[in-house]
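The values are calculated or read from the model by the stated rules, or taken from the named source; none is laboratory data. All figures in this text were calculated on a predicted structure; none of them were measured in a lab. Neighbour counts are summed over all protein chains in view; Cβ atoms, including those assigned to glycine, are modelled from backbone coordinates with ideal geometry. Just the protein is used for accessible areas: all its heavy atoms, side chains included, with ligands, DNA and RNA removed. Shrake-Rupley method; radii C 1.70, N 1.55, O 1.52, S 1.80 Å.
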Amino acid sequence: MPPRSTRPATPLDDDDYPAYTMGRAADMLGTTPAFLRSLGEHRLITPLRSEGGHRRYSRYQLRIAARARELVDAGTAVEAACRIIVLEDQLEEAQRINEQLRTQTN
């Protein structure tokens, strides 16, 4: 398999490119703009702003929002869902570091 390029071919290939408006993002997730705003209020995702001040979301942010929606749909409060996702991310990073350290000592 060829090595993965460090730069995406186009901005739309970039998971961090803010390609989606709030309305489009809400439609894609099957949720409301208010839900997306609440994720921002709880600092789970911080969308970039267009020159006109409109929120723009990346694919990466939409994946996080989708995970939050799964938790909320299962009965978890939005604030708790945001905290769970942050903790899951921290756990994943700690596990990655531990594995890296194990590999270095062997």
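May I ask you to say which residue of I84, I45, I64 is crowded, with 17+ Cβ neighbours inside 10 Å and in a helix (DSSP H, G or I)? Steps first, please.
On the way: I84 fails: crowded, with 17+ Cβ neighbours inside 10 Å; I45 fails: in a helix (DSSP H, G or I).
One residue alone meets the criteria, I64.
Pairing each residue of the stretch 11-27 that is without any contact (Cβ under 8 Å) to a residue 40 or more places away in the chain with any residue that is open to solvent by 90 Å² or more (accessible area, probe 1.4 Å) and aromatic (F, W, Y), provided the two are 6+ apart or on different chains, yields C-beta distances under 7 Å for P11/Y17.
Would a scan of the stretch 16-33 turn up a residue that is assigned to a loop (DSSP other than H, G, I, E, B), open to solvent by 50 Å² or more (accessible area, probe 1.4 Å) and modelled with pLDDT under 95? Yes; the residues of the stretch 16-33 include at least one that is assigned to a loop (DSSP other than H, G, I, E, B), open to solvent by 50 Å² or more (accessible area, probe 1.4 Å) and modelled with pLDDT under 95. For the condition under 15 Å from M22 (Cα atoms), modelled with pLDDT of 95 or more and in a helix (DSSP H, G or I), A94 does not qualify.
Taking A74, is it surrounded by 10 or more Cβ atoms within 10 Å (Cβ to Cβ) and out of contact with any strand residue (DSSP E or B) (no Cβ under 6 Å at 6 or more places or on another chain)? Write out each step before concluding.
Working: surrounded by 10 or more Cβ atoms within 10 Å (Cβ to Cβ): no; out of contact with any strand residue (DSSP E or B) (no Cβ under 6 Å at 6 or more places or on another chain): yes.
No.
Taking first residues from the stretch 41-56 that are under 23 Å from A77 (Cα atoms) and partners that are assigned to a loop (DSSP other than H, G, I, E, B), the Cβ contacts under 7 Å between residues at least 6 apart in sequence or on separate chains come to P47/P18.
S38 - would you say it is in contact with a strand residue (DSSP E or B) (Cβ under 9 Å, 6 or more places away or on another chain) and open to solvent by less than 50 Å² (accessible area, probe 1.4 Å)?
Working: in contact with a strand residue (DSSP E or B) (Cβ under 9 Å, 6 or more places away or on another chain): no; open to solvent by less than 50 Å² (accessible area, probe 1.4 Å): yes.
No; evaluated as a whole, the condition is false for this residue.
Every listed requirement among (1) in a helix (DSSP H, G or I); (2) at pLDDT below 90 is met by R7 save one, (1).
Name every residue in the stretch 52-69 that is among the small types (G, A, S) and under 12 Å from the mean Cα position of the chain (by Cα), in order of residue number.
Within the stretch 52-69, the first condition is being among the small types (G, A, S), and the residues that meet it are 52-53, 58, 65-66, 68.
Listed by number, the residues that qualify are S58, A65, A66, A68.
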